[in-house]
Amino acid sequence: MDKFSKFETKVLVAFAAAVLVVVGLAVKAGKVSIDSATVALQVSRAEEVLYELAKVRGDTLLIELSTQSYRISGDTTQVAERDKAIAEREASLRQINALISDDAPQQERWTQLRQAVDRRIAIARRSVLLRKTKGVEAASAYIATAPLRETRERLFRILREMEVHERRLLDDRRAERSRVRNIELVTDWLAALALVALLTATYFFIRRQLRTTEASRRALEVANARIAAILDTAAEGIITINERGIVETIN
């Protein structure tokens with residue numbers, strides 16, 4: 001193998017190494033990017049669950065207040081307001097159920113929450129019905145015997161447990177997002193440094209080869225000039241023939 005072929009092979013090897021490094025870092029960066037997107041989605045999901053839980057809490061308080069106000073005053077606008085709050089709470093409960101579909105502990109708590117909510121709705125509707133049909137005394141008497149405190153405490157206890165769970169998940173996922181972002185940053189820097197290092201090494205390799213080639217060319221020119229001078233000053237004829245029998249020089 002001649003020198004040019006060796007040089008070409010070395011250049012090809014250098015560029016192949018550069019390509020492999022770039023591809024490897026690109027694959028790593030792609031994986032990190034996917035991980036980052038996944039963690040970001042998890043963070044967003046936890047934040048949405050907390051938001052919907054807060055809405056359930058607020059709607060529950062509004063439902064209780066509206067029901068109590070109607071029982072005392074008989075104002076039917078309070079019933080309409082209560083029904084609107086019930087519908088909004090139902091929408092929040094459905095959204096929460098969809099968001100926590102892959103979280104078994106939260107699914108179990110949601111089932112308990114669903115039961116507590118249904119129990120509270122039944123009490124509220126019974127209270128409203130008695131107020132409409134039998135008056136405030138009958139409704140108040142029913143409320144006095146209904147398990148209001150027990151069901152309220154159970155409902156809000158479940159809400160607190162779900163919120164604590166989601167906040168813990170949110171903290172963990174935010175920490176994971178920060179870690180993934182740091183890995184992504186380091187990967188980007190490694191990719192840049194690797195490219196710079198490979199390009200710099202290739203540049204110096206080619207530069208050294210060019211200098212070697214230039215030195216060889218000059219040495220060859222000097223040798224040829226010396227041979228030419230010898231041939232020109234020789235007293236007798238000098239003929240050089242290569243291995244194939246072809247005349248190369250003659251004075």
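The values are calculated or read from the model by the stated rules, or taken from the named source; none is laboratory data. Model, not experiment: these values are computed from the prediction. Cβ: placed from backbone, ideal geometry, glycine included. Neighbour counts: every protein chain shown. Ligands, DNA and RNA are stripped out before the accessible areas are found, and what is left, the full protein with its side chains, is counted by its heavy atoms. Shrake-Rupley method; radii C 1.70, N 1.55, O 1.52, S 1.80 Å.
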Are any residues in the stretch 68-115 touching a Lys or Arg at 6+ places or on another chain (Cβ under 8 Å) and open to solvent by 60 Å² or more (accessible area, probe 1.4 Å), and if so, which ones? E88
Of the residues in the stretch 144-166, those that are in contact with a helix residue (DSSP H, G or I) (Cβ under 6 Å, 6 or more places away or on another chain) and over 17 Å from D103 (Cβ atoms) number 4
For the condition at pLDDT below 80 and of a type outside the set (F, W, Y), what is the one hit in R168, R211, R160, R177? R177
Do we have R71 as under 32 Å from the mean Cα position of the chain (by Cα) and part of a helix (DSSP H, G or I) here? no
Residue hits (the stretch 116-135; exposed (fewer than 14 other Cβ atoms within 10 Å of the Cβ) and not charged (D, E, K, R)) are A122, L129, T133, G135
Six or more apart or on different chains, Cβ under 8 Å: which pairs go from a residue in the stretch 117-145 that's in contact (Cβ under 8 Å) with a residue 60 or more places away in the chain and among the hydroxyl-bearing types (S, T, Y) to one that's part of a helix (DSSP H, G or I) and surrounded by 14 or more Cβ atoms within 10 Å (Cβ to Cβ)? Could you list them? S127/T67; S127/R71; S127/A139; S127/Y142; S127/I143; S140/R71
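Quick check on S92: is it under 28 Å from L169 (Cα atoms) and at pLDDT 95 or above?
yes
Residues checked against (1) under 30 Å from Q42 (Cα atoms); (2) out of contact with any Ser or Thr (no Cβ under 9 Å at 6 or more places or on another chain); (3) surrounded by 14 or more Cβ atoms within 10 Å (Cβ to Cβ):
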| position | (1), (2), (3) |
| --- | --- |
| E150 | no, yes, no |
| I158 | yes, yes, yes |
| L170 | yes, yes, yes |
| N182 | yes, yes, no |
| L190 | yes, yes, yes |
| L195 | no, yes, yes |
| F205 | no, yes, yes |
| S216 | no, yes, no |
